[in-house]
Amino acid sequence: MPGPHSVRRVVLVPLKNFADAKSRLREVLDEGDVEALTMRLARTVLAALEPLETVVVCDDDQVADFATECGVGVLRTLSRTLNGAVADAYHAMDRYEQVIIVHGDLRSPEGLGRFQPGPGVTIVTDHHQRGTNVMALPTGLDFHFSYGANSAQLHQREAERLGVACTVTTDSPWRFDVDEPDDLESSPDST
């Protein structure tokens, strides 16, 4: 039974069709290798999120089946963009008090299942301090998601626009994701 101060939270993990994901890695790896890597990273992230209630957000049957096999919920979206899919899912989570959005390509997701962000918006940047790898926010906001170039700064500005306190973390182990060929070669300690 939740304690008097526990927050009802849910984690959203948006996942793209594995056959289309990671276009920049396809320049240096075979199609099958990219798909296998993408699935392995996602499986590791989903396992690290236990025991938090987790929902994969997707528009693809293979990804939905993958999420079910991993023992997490599935929310199908009609949106073909990351921002649209996250917005659809966020607005469907109003029975919770807090939503945490985690990308499925984190290299070191250990500890995610113990993540208990405070009130307001929490942004965990990528190692370049430009992207948003993990974000937590209260439900019920008219929050405009801006994943893509400089999303960390755009999300911080969005919190300011809404008058919501914002905490930005730049040195988390979750700052390492796999998007570029260089991400395959560098270790977390070398960046």
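The values are calculated or read from the model by the stated rules, or taken from the named source; none is laboratory data. Keep in mind it's a predicted model, so treat the numbers as computed, not measured. The area values use the complete protein model at the heavy-atom level, side chains included, leaving out ligands, DNA and RNA. Shrake-Rupley method; radii C 1.70, N 1.55, O 1.52, S 1.80 Å.
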### Task
Using Cα centres only, tell me the gap between region 53-101 and region 116-139 in whole Å.
18
#### Entry: Amide H within-cut-off set for Val11, under 5 Å, with H built and near neighbours excluded
Glu53, Thr54, Val55, Ile100
### Task
Would you mind checking which residues have amide H under 5 Å from Asp177's amide H? H placed 1.01 Å from N; only 5 or more apart, or other chain.
Arg107, His127
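For region 45-191, just say rounded, prolate or oblate: build the C-alpha gyration tensor, square-root its eigenvalues into a ≥ b ≥ c, call rounded for a/c under 1.5, and beyond that prolate if a/b exceeds b/c, oblate if not. It would help to have the intermediate numbers written out before the result.
Details: a/c = 1.42, a/b = 1.03, b/c = 1.38.
It comes out rounded by the Cα gyration axes.
For region 38-191, with all protein chains present and a 1.4 Å probe, just round the carbon and sulfur fraction of the accessible area to a whole percent.
Numbers: 3450 of 7360 Å².
Whole-percent figure for carbon plus sulfur exposure: 47.
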### For Thr132, distant residues with modelled amide H under 5 Å away
Asp126, Gly148, Ser151, Ala152
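Kindly work out what percent of the DSSP beta bridges joining two residues of region 52-179 are antiparallel, to the nearest 5.
Details: 10 of 18 bridges.
So the antiparallel bridges in region 52-179 amount to around 55 percent.
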### Task
Provide, as a two-decimal number, the C-alpha radius of gyration of region 92-142 over 2.2 N^0.38 Å, N being how many residues it has.
1.19
